[in-house]
Amino acid sequence: MSEKHMIYLHPVPLRIWHWTNALSFIILFITGIQIRFSGHISLFSFQGAVSTHQFFGFVLIFNYIFWFIFQVVSGQIKNFVPNLQTVIPASIRQAAFYGYGVFKGAPNPHHLSPDNKYNAMQQQAYIAIMFALIPLQLITGLCLWKIEMFQPLISMVGGLKIVDTVHVLLFFFFMAFMITHIYLATLGATVLAHIKGMITGWEESH
Amino acid sequence: MARSGGILLCGVTALLLSISWSAAWAITADDCFQCHSEPFARDKSKGLKADLGVDQERFKQSVHGKNDIGCVDCHADITELKMDDAVPHSVDLGPAQCPSCHSDQQEALANSVHAKPKKRGPVMCWECHEYHYVTKLESASVKERTGAFCKKCHDPLKLHPWLPQPETHFSVIECPVCHVPTNESFVNLRFWDPDHDKSLNGDEFVAAMGTDYDGFMSVVDKSGDNVISASEFWSMMRRLDDKDVEGKFHVEMLADLQPGIHAVQKTTAIRKCEECHSSNSRFFENVTLFLHSADGTPHRYVVERDALESFSLSGFYALAGTRITYVDILGILILMGGIGVVGLHLTIRILTIPERQAKKEH
């Protein structure tokens, strides 16, 4: 029987950020659906859904700022930077693993380490999500929160419906992302390896 | 025969005399303006003591002036003027008799919160209407209407602490829309010139469309159903764009100016957000494109509700109430894509378990 190789991958601040994010996202999804489809869905009162959505929207904003500062101060931000010389072949190898090798029981071509946490595909996805899509969602959310305050910005991008459309499409994207994210979390060394790792900090290596 | 002819002659003579007598003594506005054309105050007055003068020119431009309503038509307790007296009429006059013409409005007012305010007597017509200078309100915007009426006494921002984004709500919704729930309301689309921060004159607007008010619908309403559909609205916007007409439509929710608008309520005012913020809200059913001539004459054209739910009116969005359905369809496709990829991958993963198991055992 091979011995498990455990590595400390997720420090406490990151785990707090992750699970705060997860809880906030779930609440924002539910209240967002209520707000968007009021009249078709009646899970809560509209006012209650808006207040809760706004509260957890701000939780997400402060959580993001906390995450960003932590990433910069701890130097972990380098995990997101792809090696430009290897990113394309590494991405192809990773895609081949997810699309074929994983069914055959092939080993994951990416080897986890505290300084190399994300595979090439994850790096690209997380750069887009963490440095573009999340900020965009937070900014459009702020515009919808106080229209008068952000009117110059709203007008600059073409009006409130444009802002809302971006916010709503990202909302659906993040719902799809969360489903995919949870599923991909089961593709670790064992089905629960990644999930346990995000709870304890220690993760079983591939 | 001669006798009956004499009686008839006497009767006609008496009638003519009485007409000429009353004409000679009818009180005209000019009589009143002999004193009231200048601002003045009278301490001995038992009613209003100050502001007893009336701006004659403004009065002539008012809805009453234009309709030849004279002073004593409203101040009906003045039946004669004794011009030789220091004050030619009683100093103990009652309020103007608005209900003698506006009885429906009075009836609605009697059923309103203004009929029995807690800390004072009933609100008088003039307190809101400034009735010597009443003008038509059809052309007035939400800002103008609330500024000229409700905001004289009430500060909506202080009175609605529970309302999210009150400035935004009050820039779009006129108070009676919620406070007179029995009154009809409609969505008004007013073309706004952002460079000059004013609504564009309707004359300029129809000229830019290459037509006039009467021909406007034949240019815009291609289907001929007398309703501007969402696609026709979009075409109109493109046409304005082609002609370099700068501007956008400002969306407002206005109360219909029916007598019932006076039945202002406090406790039964609409407070439930879902009344508007709902995909089937009745408040977005009646949509009109509003243009006004230089003289203020309104011109309204019916617009399909779908136009509110399109990018033609990109500056306006009422959460849930005017959402764009295509955005949701696209969003649901994104979501289904995520679920589909996961579902497919999971299915293959489950189906290939025996293969991986066999490999592990070897």
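The values are calculated or read from the model by the stated rules, or taken from the named source; none is laboratory data. Every value quoted in this text rests on a predicted model; they were computed, and no experiment measured them. Neighbour counts run over all protein chains shown; Cβ positions are idealised from the backbone, glycine included. These accessible areas exclude ligands, DNA and RNA; they are computed on the full protein's heavy atoms, side chains included. Shrake-Rupley method; radii C 1.70, N 1.55, O 1.52, S 1.80 Å.
Some points to look at:
- Pair list, Cβ under 6 Å, 6 or more apart: region A:168-181 residue within 7 Å of another protein chain (Cβ to nearest Cβ), other residue buried (at least 17 other Cβ atoms within 10 Å of the Cβ) and β-branched (Val, Ile, Thr): A:168/B:327; A:172/B:334; A:173/B:334; A:176/B:334; A:179/B:342; A:180/B:342
- Subset of region A:10-45 [outside any helix (DSSP H, G or I) and either touching a Lys or Arg at 6+ places or on another chain (Cβ under 6 Å) or under 30 Å from residue B:277 (Cβ atoms) (or both)]: A:37, A:38, A:39, A:40, A:41, A:42, A:43, A:44, A:45
- Count - residues of region A:84-111 that are out of contact with any Phe, Trp or Tyr (no Cβ under 7 Å at 6 or more places or on another chain), part of a loop (DSSP other than H, G, I, E, B) and either free of Cβ contacts under 8 Å to residues at least 12 places away in the same chain or farther than 24 Å from residue A:8 by Cα (or both): 4
- Of all the listed residues (B:306, B:295), the sole one being closer than 27 Å to residue B:218 by Cα, assigned to a loop (DSSP other than H, G, I, E, B) and either open to solvent by 60 Å² or more (accessible area, probe 1.4 Å) or more than 7 Å from every other protein chain (Cβ to nearest Cβ) (or both) is B:295.
- Within region B:215-229, considering residues that are over 23 Å from the mean Cα position of the chain (by Cα) and surrounded by fewer than 11 Cβ atoms within 10 Å (Cβ to Cβ), the one nearest to residue B:140 (Cα to Cα): B:218
- Criterion (open to solvent by less than 30 Å² (accessible area, probe 1.4 Å) and touching a helix residue (DSSP H, G or I) at 6+ places or on another chain (Cβ under 7 Å)) met by exactly one of A:66, A:44, A:25: A:25
- Answer from B:180, B:264 - the residue that is of a type outside the set (Ser, Thr, Tyr) and open to solvent by 20 Å² or more (accessible area, probe 1.4 Å): B:264
- Flag if residue B:288 is open to solvent by less than 30 Å² (accessible area, probe 1.4 Å), among the hydroxyl-bearing types (Ser, Thr, Tyr), more than 9 Å from chain A (Cβ to nearest Cβ) and under 30 Å from residue B:193 (Cα atoms): yes
- Pairs, first within 12 Å of chain B (Cβ to nearest Cβ) and within 14 Å of residue A:58 (Cβ to Cβ) in region A:137-156, second in a helix (DSSP H, G or I) and aromatic (Phe, Trp, Tyr), C-beta under 9 Å, six or more apart: A:145/A:58
- Number of residues in region A:172-194 that are aliphatic (A, V, I, L, M), within 18 Å of the chain's Cα centre (by Cα) and crowded, with 18+ Cβ neighbours inside 10 Å equals 2.
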